[in-house]
Every structure is written in structure tokens, then in C-alpha cells.
Amino acid sequence: MSATELGIVRPASGLTATLQHARHVITENPVTGVAFALFLVLILAAILGPSLVPYDPLATDSSASLRPPSAAHWFGTDQLGRDIFSRVVVATRLDMIIAVSSVAVVFAAGGLAGISAGYFGGWTDRIVGRLADTIMAFPLFVLAMGIVAALGNTVTNIVIATAVVNFPLYARLARAEANIRRDAGFVLAARLAGNTDARILLFHILPNILPIMVVQMSLTMGYAILNAAGLSFIGLGVRPPTPEWGIMVAEGAAGIISGEWWVALFPGLTLMGAVFCFNLLGDGLRDIVDPRRRT
Amino acid sequence: METLPLLDVHDLTVEFATRRGVVRAVEHVDLSVRRGEILGIVGESGSGKSVTSYAVMRILDRAGRIAEGSVTFSGMDLRDLPESDMRDLRGREISMVFQNPRAALNPIRKIGRQIEDVLLRHGQCTRADARAKAIAMLDRVRIARPEERYDAYPFELSGGMCQRVVIALALACRPRLLIADEPTTGLDVTTQKAVMDLIVELTRESRMSAILITHDLGLAAAYCDSVMVMEKGRVVEAAPAATIFSAPTHPYTKRLLRATPRPGATLRDLVMDPPPETVPAAIPKTGRLLDVRGLVKTYGAVNAVDGIDLHIDRGESVGLVGESGCGKSTTSMMIMRLLDPSDGSIHFDGQEIAAIPARAFPRHPLRKRIQMVFQDPTDSLNPRFTAERAIADPILRMADRMGRDALRARCEDLAGLVGLPTHLLDRFPHQLSGGQKARVGIARAIALNPDLVILDEPTAALDVSVQAVVLNLLEELKISLGMSYLFVSHDLHVVRLLCDRVIVMRAGRIVEQGTAQQVLEAPTADYTRELLAAVPHPPA
């Protein structure tokens, strides 16, 4: 029995209600709180990182190469004597930009294609469905490699490649969610109210599937970072000396055997932390965005 | 006569832990069921009637617990029984029939197999004779051709059939107590009668006891020995079925009785304080508003609607009655221009509208003159729109542009018209009660002063007391705004209250039409008589 039926409904209004609800979600599940804190750190690092770090991330110092972590160099230094901590922090911005823009692109393209497919059915559904199937037929990382290799080694192309490989996920999710709502009473009511199909899709159905899409977005953020780093790791995409987590892991990979573990470990850990944070964030966000949870 | 009751519940209190503290769903409930007795628990949603039975079965969800009281079943204290013993008891000694039979059956398992599962689980049969016993059970619940139906999947059966299978499952192990939680909600009246007759007959036959949980006082009075009325988690009245109908003592029971549509009562009889007579619209409108001829809708080889002629005059309300699958909803969807007819014409105010494709109709100027109130108030409101946004939607799309303040004022006017307190306008559907959601749906439908409103079972999902108020509201609005109604329903008594004329449909065709009085009091078609007879009659 829900609280509504028992008549203990509390009027919720605007921002205060949202904040109260957010607080409830965080206190109920402390992991969400941790994820949000991590997210905040990532955002701050992305915005303020370059002006906060102690060393220039590109400045080499041959006298101080491959130093283990110390008070002067928290994460140690790499082969060229660059401060790894500074490089890890500065790299946040680039990695976040790639992740955010690829997710934004795929959300717009895949989400729209998916809800149209689910709502209209017929040919729209067939075309979107086969497109998604075609993309799914390739090993996704290999496909991303192919796209970047074919289009050229730029950040824009990494964004495009990451968006393309994620397209089926969004299209299918949005299709399934829109499909179960196409005959819902509120959609019929919207049609009676004079809404055209486009309006129904964008203003009636989309807001309803947004919570689940937000969860998906958060999860793919992690994947997008991983994908970008992976592409850089194998030499596609971002090029040295630009600080980027994937390249840094690649540069340090050889050193692990000879004992210089810190060169690869710290960028790797940061990468893992970021992916982890986005995955946890997904669950927390769903609870906050979904109005039905606010009872 | 045994002195010890089969089930004895004493001073039961059930609590739920919610975000805003502990809520008592059931408080100090006493009840007892003797051997062979059928007890009815009647109450509206949120009265705690289902929770009481869940507590007896110990199937409360995680947040709920029995805080006080005792539950004794044939001498055993169920509250302290280990869960393993309780599992044994459920199904074998006490079994339950739930509201939605389709949800209660495993969709991918043959129904015969599902009965066998229960029999085997409780050691009532061996692998060798399972099939024979399962078929015997199907036969016992009056399923025709049980050998064939043994291999049927739930989706191949009608709702009433599925409910019979669920009853067969519940009775498979010859339990001593059957708890039926709204077993006929969502079924047609004729099916309801068949299912209830079956439950009562089987109960009597095997000297079983039963608890019937329902929101329908008439149903409880017609089928139970004694009736217990619950309100807000408390028992307000308990008496033999005949007494409770003829001489209710508690004001709540009286109000409930009064709100139940019954022969001879008018709309205003249903509510305690009838609203003052409504002043009719300034200009009385006359003449033909809607004229439907030869309307046909074909799905594959099936004619869902098979050549319907009907008309509605201005200011008139017409009831369209029939059981599920008779084509009444398809008809209303076509008139509403949400669905394209296969053949036939629909003239609205002299204009032919059947030829305009449903896809293009939202932009048609006639759109705002034909509106609809949907059956399920929850499903028909966008979960992410506030009440105000929902009401404003048709105004934003189809009326002349107006400023924010003017729009808010218009929404407040409409809320006032339908009796929705204005502070509720900022709430989301899940923060509103069923009756409040229904009012939002009505306000949305009348927002642009339509000429014709189709009411698709607008009160089917509501409690009787709320239904009484909503029906009165609809009547008032009709008179004051001069609208016409097409009232689609399966409930003849509700239709009679609101409608001038009634059309009875069956299998896509009209079997009878005439004035409400004529159709209900002197029906000419056999089918209409059958429908009327199926409505539960309380003991006089």
C-alpha cells in the first residue's frame, strides 16, 4: 500500500522538494553520496585543474625522470621527468569533454531515433532496428578503432566513434520504453488535447523515459571515458604529449615490469575511479529524477 | 454447530514503516470465521481490508509487520508459526484468490501443469494420477472440455476462464479457508455472477470457510453470511448480511449503502448533501449533434464493430453498454477520431469527420469540440505533468494564446468547476487520490467547452462513494455547460443514473436501444435481461 492511498500526501513544491528528496536519497544510500562527491571532484578537476596543479604537465625535467612518489611529486614522475599528478589532473578536462560530448551526441541521436521507432513502429522501426543491428554486428571497440582510423586522429572523431558504438544501446532502450507508452491513456489524452505526434514524442513521452535514459547516460559516460582511453592507449585518438589517461597508462605499461609501477598505476586508478563513479551515479540519479519515488 | 471458530483474529494491528514514520494500516481488528461461513470484508481503497488478509496469510511486504494482536487458525497461533510451517499451510489449509487472474497464472505454463504443480507441492497426488486429478479440478470449476483445456495457456483463455483456473488452483488441495481478494473486479457482470456462484457453491459443497474481500457492498450482501465494514483500518460495523443492508447502524455503512447505484435511486440520492439544482446553460441547445451510420471496424477477418447506427442530440446523454469485447470502446475511439473506421460515416454537427485521418485530426478545428474522459484516471495523466500542466495542455495547444497568469486563472476556474482544491494544482498525479485524479481528467476534457464528451467508464477505477460524487459532478457540468455525453460502461445501473437513452451492444452490433427507463425496466432483448439479472442483488 502506498502512502498516497493512506492519505499522507505532502505537498511538494519546486526546488526545496527536490533538494529534500536528493538529501533523502543520499542518506538512504551512502554509496550515492560517495559517487556524487567523486563526481564533484572530477568536475572541479576538469574546470580548475590546469590552474591548480603544482607543475606544468608538459614540462620535462631529465634530471628527475622516473622518480617514485614523494612529497615533491605525489604520483612520481615519468620517463621525461613530467609530474604525473599534474598530468593526471590536467587530463581530466580532455577525458570529460570527450565523454560528455559523445554521450550528448548519442543521447540526442539514439534517443530520438529510438522513441520514433517505438512510437511510430512500421518502417521507422525497421530502419532504426536494422541500423542498430548492423552496428551491434561488429566488435564495438574494433568498430570505434576503424572509425577513428578512417576519419582521422582527432578528438572530434573519437567523440563520433564513441557515439556510434553506443547508438544501439540508446536506440533500443528508448524504443522499448516508448513502445510500451504509445497506447497509454495519457498519450491518447495528449492527442485529444491537439498535440501533434512530434509534440507527443518530445513533450509527453520523452520526459517519461528520461529517468531511465539518465541512468543509461551515466553508465555510458564511464564506458565513453574507457573507450577514449582505450583508443589513445593503442595510439589512436589523442596524441602525446597531450596528457590523457589512456596514453599515460600506455606509456607506463612497459615500466611495470622494470619496477616503475607508478607511471601506469595512478592514471589507471583515476580512470577506474571515474568509471566507477559514473556507474554508481546512475543508480542515484534514477532515484532523484523519478517523481514516483517521491512518496 | 462448533463453538470454536476456524479463524479467529483478535485485536490485530498492522504497521508499515514508511519514510514519514510508522503508519498503522489496520488497527484493533477483531474477526472470526466459523466453519462453513462466508465472511465479507467490505471497504474502500485504503481501508485495510486487503492488509488484514495479508496479515492472516503472513504475506505482508517487507515494510509491514503485525504489531499487536493474535491470529488463530483452528487452534494454531499463526503469528508465532515458523515460516516453513506457514509455507505448508498456505495453499493446503488457507488459500487465496487474487484480483487479477492473468497476473496470478504463469503465462508460459499450461494451465493443467500449473494445477499439477500445486497438487504435487502439497503431496496431494502422485506423478501418475496428477493429470487425472488436474482435469478433475478443471471440471470442478466448470471449465467445459477440461481434457482439451488442460493444454491451454493462460493467454488462450478469457478473463473469467482464467479466474476459474485460479480458483481451481486455490481449491486443489481442499483448503479449509479460502480468501478471495476482489476476485471479480475487472470481470464482466455475467462473468462475475458465474465466478461468484461457483465460489459459493464450492465453498458450501466442501464445508469450506471463505473470506470475500470486496469494495462492492451489494456483492458482499448477496453472497456472504455476514459482512464486516472497514474504514481507515478499523472495523466500523459487523453484522449478518441481511441486517447490514436493511438496518445499517454506522454512519459510514449508511453512506456506503447510499452511494451504491441501485434500482430506483436517482443521482442525487447517492450523496449525503445533494448539490443545489444546477442552472441550465443560458441558451438551451437542440438538434442533432452526432450522427453515425453504418460504422464498421475490421481487424483481419473479425468485425470488431459491425455496422452501427447511432445518434446523439445536443444536451443529451446516451449510454453505450456492453461487456468487454463487444466493440463499445472501438466505437467510441472511432467517434473520438483516435481510430480510423473501416467503413461508415460520422457526421458531427453536420460535418463528415470519418474521412479525416486520425493522425491529422489533432490539428482539425473540430478536435476541441469532441473530448473524452478516460477509464483509468492514473493511466490517462502524464506522470511527469502537474495537475495544472495536464489541465492546461489542451488550452495551450488549441485555444488562443494567453499569458501565464490568464492560463493559471483559467486552470483555477476549471479546478473550481470540478471541485478540485486549487492548492492541488501543483501536485503530480502520484500525489493525488483516485477521485482527485478523475477530477483532473474531467477538467482537462471540459477545458475548451466541448460539445460532445465521451465518458469511457469514468468511474470504473473509483470507490463507490467517490463514484457517486463524480457522477453528480458530471451531471451538473452537463447541465451548466450544455454538453452531450456518450457514456460507455458495462454497468447498467450507473448508466441509468446519468443517461437519457441507452444502447446495448453485443459482438459489434446493437441489440437494443431506447430510453433508459424502457431498457432497464422492460428490456426486449434476452441479452439485456441477462445483463440485468447478473447484477448482484442484496437480500431484500
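List of remarks:
- Average accessible surface for chain A: 45 Å² per residue, computed with a 1.4 Å probe over protein heavy atoms with every protein chain in place.
- Region A:139-179 and region B:144-204 have Cα centres separated by 52 Å.
- Residue by residue along A:178-189, Cβ atoms of other protein chains within 10 Å of the local Cβ number 5 on average.
- Percent of C-alpha pairs per 20 Å bin, chain B, short to long: 20, 50, 28, 3
- Cβ-based net charge around B:Leu531, under 11 Å, with every Lys or Arg adding one and every Asp or Glu removing one: -3
- Loss of accessible area when A meets B, both sides summed, Å² nearest 100, probe 1.4 Å: 3500 Å²
- Reciprocal mean inverse distance between Cα atoms of region B:289-534 - Kirkwood radius, Å: 18.5 Å
- Among beta bridges from DSSP that stay inside the protein assembly as shown, the antiparallel ones total about 55%.
- Interface burial in region B:37-61, defined as at least 40 Å² less accessible area with all protein chains than with the chain alone at a 1.4 Å probe, covers B:Gly46.
- Separation between Cα centres of region A:15-59 and region B:224-271, rounded to whole Å: 59 Å
- Surface accessible to a 1.4 Å probe, per residue, for the residues of region B:93-205, Å²: 43 Å²
- Only helices enter this figure: runs of n ≥ 4 DSSP H residues, each worth -39500 (n - 2.57), summed and divided by the residues of chain B, yield -10000 deg cm²/dmol at 222 nm to the nearest 500.
- Entry note: region A:23-90 has Rg to Rh equal to 1.20, where both radii use alpha-carbon atoms and Rh is the Kirkwood radius.
- The portion of the accessible surface of region B:289-534 made up by carbon and sulfur, rounded to a whole percent, is 48 (1.4 Å probe; DNA, RNA and ligands excluded).
- Farthest positive-ward along the protein assembly as shown dipole, Cα basis, beta-carbon charges - from B:Leu492, B:Leu4, B:Gly64: B:Leu492
- Debye, to nearest 20: dipole size of chain B, +1 on Lys, Arg Cβ, -1 on Asp, Glu Cβ: 1140 debye
- Spin-label pair A:Ala137-B:Ser345: with each label point 7 Å from Cα along the Cα-Cβ axis, the two points sit 5.3 nm from one another.
- Taking the DSSP bridge list for chain B and keeping only pairs wholly inside it, about 55 percent are antiparallel.
- Taking 7 Å steps out from each Cα toward its Cβ at B:Arg142 and A:Ser258 produces label points 9.0 nm apart.
- For the set B:Lys232/B:Lys478; B:Lys110/B:Lys328; B:Lys328/B:Lys368; B:Lys193/B:Lys232, the pairs lying more than 25 angstrom apart at their alpha carbons are B:Lys232/B:Lys478; B:Lys110/B:Lys328; B:Lys193/B:Lys232.
- Which of A:Leu226, B:Ser74, B:Ala392, positive extreme of dipole for the protein assembly as shown (C-beta unit charges): A:Leu226
- Gain on full extension, evaluated as 0.36 nm per residue between A:Leu269 and A:Ile43 minus their Cα-Cα distance, stands at 79.7 nm.
- Per-residue ellipticity at 222 nm, computed for chain A from helices alone with -39500 (n - 2.57) per DSSP H run of at least four residues, works out to -23500 deg cm²/dmol.
- With the largest listed first and rounded to whole Å, the semi-axes of the equivalent ellipsoid of region B:77-228 from the Cα gyration tensor are 23, 21, 13.
- Ligands, DNA and RNA left out, the 1.4 Å accessible surface of region B:101-174 is 51% carbon and sulfur atoms.
- Using a probe of 1.4 angstrom and keeping all protein chains present, the accessible surface of region B:261-419 works out to 46 square angstrom per residue.
- Dividing the convex hull volume of the alpha-carbon atoms in chain A by its residue count gives 170 Å³ per residue.
- Across all directions, the average flat footprint of the convex hull enclosing the Cα atoms of the protein assembly as shown is 43.7 nm².
- The charge dipole of the protein assembly as shown, taken about its Cα centre with unit charges on the Cβ atoms of Lys, Arg (+1), Asp and Glu (-1) only, comes to about 860 debye.
The values are calculated or read from the model by the stated rules, or taken from the named source; none is laboratory data. Keep in mind that what you see is a predicted model, and the values were worked out from it rather than measured. Because the Cβ atoms are built from the backbone with ideal geometry, glycine has one as well, and the counts that use them run over all protein chains shown. Protein only, heavy atoms only, side chains kept; ligands, DNA and RNA dropped before computing areas. Shrake-Rupley method; radii C 1.70, N 1.55, O 1.52, S 1.80 Å.
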